[in-house]
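This report refers to the structure that appears directly beneath it.
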Amino acid sequence: MIFQASRAEAVEKLNHFIENNLFGYAKLRNFDFGPDNKSNISCLSPYITHGIINELEVIDKSLKKFSFTKNEKFIQEILWRVYWKGWLELRPNVWSDYLIELKKLREKFKDSQNYQNAVEGKTSIECFNEWVNELKRNNYLHNHARMWFASIWIFTLELPWQLGAEFFMKHLYDGDAASNTLGWRWVAGVQTKGKHYLASEWNIKKFTNNRFNNIKLNENAPPKTSEKIYSIIKNDFNNPQNLEDKNLLVFENNLSFELNDFNNQKFKKIFLIVNKNENRSIKLSEKVLKFKFLLIEDQKRRLEEKSHNCEIIESNEIKNINEDIYALYPNVGENSDFIKNNNLMNIKFLYRKLDQFSWQYCNKGFFNFKNFIPKIISNFN
């Protein structure tokens, strides 16, 4: 599977899926037919994660093809990422605590043969090894495979979920702080207290079309526990006024300026930010870094076609901009950490209308959030 780093490719992939494969999505979405057959799923997440296409664009096109009732499962999956991000925005210490725990665990497991076997795909579990290799080769895994992978990592290989989440972030094209961290917490049983996800042999066989046999797993493990309780931190997600003639920062999660809520504003200059590994707590693979950079270059070309004054700079160069700066909000994660750690107080954030409206419903679980999905959609139609 190849992901071309451009908006044109993303739109083409979206249109093809809507026209040819959306109809069977609800019925077939849980099947992982292997690395060379992903026609039953959209494979849009690497583009949505980087804002190359956005959630409302995807939902709007799907609703032009089928009704909400026929589309409901697909729309729910698209909005999971909005939900996870909102949940983490209300509890940002989950991310910062994760990084602290991760640093300690790296040291503890640096000489662990069990850990090395896992990340090299040399365990006794064939399907797990296949997924390790697929992840490194394609920088993508089916969502069901991610759940199986995480469950095997945590409960059969008995490795810390924090290290598994890091491994995913290192290699996934669609990795982001919210979806990845909270997804691993959910499998482990610490996101929803006492509720974990246990992979089973029958489930893997069924939904991989019997590609794997003799799968020996721990199917009776108890959930992991955590004593930490995270209270909601109330944040102001309001946008400042008077954006005319200001500099704008665009990070790797908002790479379709032409679609965002501020594209009619006359910004003085748009800076596209490259965040290298030296500034990241989790070091990304070279392939993932290159994918991000190519997407940034693609955004620059599109901005220049619209005669915008723009430039690609590294995150370390932000401090050289002495004027007040606005930034499309980068969400809790590595880019926000860089701003905070470098005390860049002259940056004011601009929030997407979708996030401003949706995040008020992220205070509880997803099953509560999904009750508001029709309201969220109608607010933007």
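Every number here is computed from the coordinates shown, using simple stated rules; none is lab data. The structure displayed is predicted, hence computed values, not measured ones. Positions of Cβ are backbone-derived with ideal geometry, glycine not excepted, and every protein chain shown enters the neighbour counts.
Brief remarks on what is shown
- For segment 110-207, the square roots of the Cα gyration tensor eigenvalues, ordered a ≥ b ≥ c, give a/c below 1.5, which places it in the rounded category.
- Placing dummy labels 7 Å off each Cα toward the beta-carbon, the span from residue 312 to residue 230 is 3.3 nm.
- Here the residues 144, 50, ranked from fewest to most Cβ neighbours within 10 Å of their Cβ, fall in the order 144, 50.
- Using the alpha-carbon positions of the chain, Rg (one decimal) and Dmax (whole number) come out as 20.7, 64 Å.
- Taking N as its residue count, the alpha carbon Rg of segment 247-350 over 2.2 N^0.38 Å: 1.02
- In sequence order, calculated HN-Hα J values of segment 222-239 (Karplus, 6.51, -1.76, 1.60; Hz; x Gly/Pro): x, x, 6, 10, 8, 7, 6, 10, 10, 7, 6, 9, 6, 10, 9, 9, 7, 9
- Using a Förster distance of 25 Å, the FRET efficiency for residue 381-residue 19 (Cβ separation, nearest 0.05): 0.75
- Entries of 195/216; 64/370; 85/234; 287/348; 103/348; 269/348 with Cα pairs more than 25 Å apart: 287/348; 103/348
- Computed [θ] at 222 nm, deg cm²/dmol, the chain (DSSP H ≥ 4; -39,500 (n - 2.57); rounded to nearest 500): -14000 deg cm²/dmol
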